[in-house]
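**Student:** My questions all concern the structure below.
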Amino acid sequence: CGHVHAGPVEFDMSFMTRRPWEHHQLVIAGGRPADMQSTVQQIGFLAPDLAELRRIKARLEREPGVSDIESADHGVSWTLYFRDPQGNRISASVTTGWFVPQPAYWPLDLRESDAEIARTTEAQCRATSGFRTRAEWQAQTRETLAGMGRLASQAVPSVDAKITSRDSVFRRPVGTKPPADPFPRIAMHQVGIYVSDMARLTAFYEKTLGYLVTGSGKMPAFGAQAAAEIVYLT
């Protein structure tokens with residue numbers, strides 16, 4: 001935590017991390033009026049499996065101030081959405097083994113078994129134009145990025161290179177005194193922002209910072225979330 005002076009303006013900041021080798025992954029800064037809408041479209045986390053997604057949902061339902069808890073099947077992921085006590089939209093997603101062009105949306109009932117959910121998702125994906133396995137999509141995207149000179153490693157060589165299992169990303173150990181109700185097994189994944197000029201911002205991230213547009217289109221309204229035009233970049 002700290003106090004920042006920016007000319008005549010002063011505000012507090014909190015720095016947060018769940019990775020011991022990074023000072024912060026998430027920054028919370030004060031100064032937003034209570035009646036001002038958040039410019040965060042979405043802050044996304046990854047979870048390892050559907051069981052953990054259900055456990056996170058149950059935990060959120062007990063938490064005061066959390067609202068608009070919804071679940072969605074996007075084909076590429078099973079995602080739990082909610083708004084934090086300040087109205088920021090947050091998601092926790094489990095990746096599937098399939099890919100369909102995004103945005104895609106189908107209802108997701110987390111009361112169903114893992115097998116039932118997987119069968120439904122796979123059937124919906126295979127019936128969608130552009131279906132591929134996730135591995136096929138990853139290989140093609142890697143080839144595209146490499147060919148354009150945009151492929152960038154996210155690894156921290158001294159630590160991340162040693163990660164060999166999917167599960168280790170979520171850091172099961174929580175110290176010598178784990179809480180009775182363990183914290184969610186989530187890892188930082190992606191962020192979305194609301195913009196006023198989509199074409200200009202897309203061009204900036206694509207042409208100046210080297211990102212690749214991987215999809216675009218209109219996400220339909222579901223739950224309390226309004227329909228929105230979206231551009232995806234990686």
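The values are calculated or read from the model by the stated rules, or taken from the named source; none is laboratory data. Here the structure is a predicted model, which is why all the values come from computation and not from measurement. So basically every Cβ, Gly included, is an ideal-geometry build from the backbone, and we count neighbours across all protein chains shown. Note: accessible area is taken over every heavy atom of the protein model, side chains too, but ligands, DNA and RNA are not part of it. Shrake-Rupley method; radii C 1.70, N 1.55, O 1.52, S 1.80 Å.
**Student:** In this structure, does GLY97 turn out to be open to solvent by 10 Å² or more (accessible area, probe 1.4 Å) and either touching a strand residue (DSSP E or B) at 6+ places or on another chain (Cβ under 7 Å) or of a type in the set (D, E, K, R) (or both)? Give the derivation first.
**Tutor:** On the way: open to solvent by 10 Å² or more (accessible area, probe 1.4 Å): yes; either touching a strand residue (DSSP E or B) at 6+ places or on another chain (Cβ under 7 Å) or of a type in the set (D, E, K, R) (or both): yes.
Answer is yes for this residue.
**Student:** Name every residue in the stretch 204-227 that is open to solvent by 60 Å² or more (accessible area, probe 1.4 Å), touching an Asp or Glu at 6+ places or on another chain (Cβ under 8 Å) and among the aliphatic types (A, V, I, L, M), in order of residue number.
**Tutor:** ALA224
**Student:** Give the stretch 58-94 a look and list any residue that's over 17 Å from VAL191 (Cβ atoms), touching a strand residue (DSSP E or B) at 6+ places or on another chain (Cβ under 7 Å) and open to solvent by 40 Å² or more (accessible area, probe 1.4 Å), or say none.
**Tutor:** GLU61, SER67, ASP68, ILE69, GLU70 - these are the residues of the stretch 58-94 that are over 17 Å from VAL191 (Cβ atoms), touching a strand residue (DSSP E or B) at 6+ places or on another chain (Cβ under 7 Å) and open to solvent by 40 Å² or more (accessible area, probe 1.4 Å).
**Student:** Further question on the same structure: Please enumerate the residues belonging to the stretch 109-121 that are within 27 Å of THR141 (Cα to Cα) and open to solvent by less than 40 Å² (accessible area, probe 1.4 Å).
**Tutor:** Answer for the stretch 109-121, where residues must be within 27 Å of THR141 (Cα to Cα) and open to solvent by less than 40 Å² (accessible area, probe 1.4 Å): ILE117, ALA118, THR121.
**Student:** A further question on this structure: Would the stretch 122-131 turn up any residue that is surrounded by 11 or more Cβ atoms within 10 Å (Cβ to Cβ), modelled with pLDDT of 90 or more and closer than 15 Å to THR214 by Cα?
**Tutor:** Yes, the stretch 122-131 contains at least one residue that is surrounded by 11 or more Cβ atoms within 10 Å (Cβ to Cβ), modelled with pLDDT of 90 or more and closer than 15 Å to THR214 by Cα.
**Student:** If GLY175 meets every condition in (1) out of contact with any strand residue (DSSP E or B) (no Cβ under 8 Å at 6 or more places or on another chain); (2) more than 30 Å from SER67 (Cβ to Cβ); (3) modelled with pLDDT of 90 or more; (4) not polar (S, T, N, Q) apart from one, which number is that one?
**Tutor:** For GLY175, the exception is condition (3).
**Student:** Among the candidates GLN37, GLN102, single out the residue that is open to solvent by 20 Å² or more (accessible area, probe 1.4 Å) and either without any contact (Cβ under 8 Å) to a residue 24 or more places away in the chain or farther than 30 Å from THR133 by Cβ (or both). Explain how you work it out, then say what you get.
**Tutor:** On the way: GLN102 fails: either without any contact (Cβ under 8 Å) to a residue 24 or more places away in the chain or farther than 30 Å from THR133 by Cβ (or both).
Within the list GLN37, GLN102, the selection yields GLN37.
**Student:** Okay, moving on. ARG55 passes all but one of (1) of a type outside the set (S, T, N, Q); (2) surrounded by fewer than 17 Cβ atoms within 10 Å (Cβ to Cβ); (3) more than 30 Å from ALA135 (Cβ to Cβ); which number fails?
**Tutor:** If we test ARG55 against (1) of a type outside the set (S, T, N, Q); (2) surrounded by fewer than 17 Cβ atoms within 10 Å (Cβ to Cβ); (3) more than 30 Å from ALA135 (Cβ to Cβ), just (3) comes out false.
**Student:** Of all residues in the stretch 191-203, how many are open to solvent by less than 90 Å² (accessible area, probe 1.4 Å) and without any contact (Cβ under 8 Å) to a residue 60 or more places away in the chain?
**Tutor:** Filtering the stretch 191-203 for residues open to solvent by less than 90 Å² (accessible area, probe 1.4 Å) gives 192, 195, 197-199, 201-203.
When the remaining residues are screened for being without any contact (Cβ under 8 Å) to a residue 60 or more places away in the chain, the result is 195, 197-199, 201-203.
Adding up the residues that qualify gives 7.
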